[in-house]
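Encoded as structure tokens, the structure appears first; notes follow it.
The values are calculated or read from the model by the stated rules, or taken from the named source; none is laboratory data. None of the values given here were measured: they were computed from a predicted structure. Every residue, glycine as well, gets a Cβ built from its backbone with ideal geometry; the counts of neighbours run over all protein chains shown. Note: accessible area is taken over every heavy atom of the protein model, side chains too, but ligands, DNA and RNA are not part of it. Shrake-Rupley method; radii C 1.70, N 1.55, O 1.52, S 1.80 Å.
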Amino acid sequence: PFLWPLLVAMVLAVALDPLHARVLRLVKKPGRAALLSTLLTMLIVAAPVAGIVTAVTNEAAGLYDSLSRKSQESGGWEPFLRHLVERPAYWLQHNLPFKIPDLNQQINERLRTVSAAVLARTGAAVGGLTSLAGNSLLVFLILFFFFRDGRDIAAFAMDLLPLSRENTQRFAEA
């Protein structure tokens, strides 16, 4: 569960290393520079994502409210959806060269299935948003430590490679 946030934090740390180097030159203290760089990264990355998520959520809520109002006028979701498909079902029963047995019963069963699926998807979406929030928090926490201790972590990783120090240095610079 930690591999994806670790990889995302690593990519962000490498991509934003020039920003962090500049902040480090200005602040001089590695811990404070790492915190400031992490906060700047949150603004750069999280602010647009939060704006998009907010816009999508507002649109979905508006759609839900509109459909709820229309469904309540019809007596609830099931009668509302049944009313939506009555005309096409009537047309199908009277204009097709063959008859569909129990078309209304089949439509009702499909409506119940769709309602259950929508309800399940809503729960999955809430779970997904919770997971996204937790993973994002973990990414920024890991990113802080990459900014603060990144040089030491890189040196440790280079020591693990089965190469001479000279070859390792060339590998790191490439």
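What's the longest piece of the chain with no exposed trypsin sites (Lys or Arg not before Pro), counting a site as exposed if DSSP puts it in a loop and it has at most 10 other beta carbons within 10 Å?
Between the exposed loop sites, the longest stretch runs 100-174.
Can you give the longest stretch of the chain with no exposed loop site, where a site means chymotrypsin sites (Phe, Trp or Tyr not before Pro) in a DSSP loop (not H, G, I, E or B) with at most 16 other C-beta atoms within 10 Å?
No qualifying site falls inside 3-97, the longest such stretch.
Provide the per-residue ³J(HN,Hα) series for region 135-152, in order, calculated from phi with Karplus coefficients 6.51, -1.76, 1.60 and θ = phi - 60°, each as a whole number of Hz, with x at glycine and proline positions.
Computed from phi, the couplings for region 135-152 are 5, 5, 4, 5, 4, 5, 5, 5, 4, 4, 5, 5, 5, 6, 10, x, 5, 5 Hz.
In terms of the Cα gyration tensor, with a ≥ b ≥ c the square roots of its eigenvalues, is the chain rounded because a/c is under 1.5, prolate because a/b exceeds b/c, or oblate?
prolate
Once every DSSP H run of n ≥ 4 in the chain is given -39500 (n - 2.57) and the sum is divided by its residues, what mean residue ellipticity at 222 nm do you get, rounded to the nearest 500 deg cm²/dmol?
-29500 deg cm²/dmol
Out of the total accessible area of the chain (probe 1.4 Å, heavy atoms of protein only), what percent is carbon and sulfur?
About 68 percent, which is the carbon plus sulfur part of the accessible surface.
Rounded if a/c is under 1.5, else prolate if a/b is larger than b/c, else oblate: which is region 135-174, with a ≥ b ≥ c the root eigenvalues of its Cα gyration tensor?
Verdict is prolate for region 135-174.
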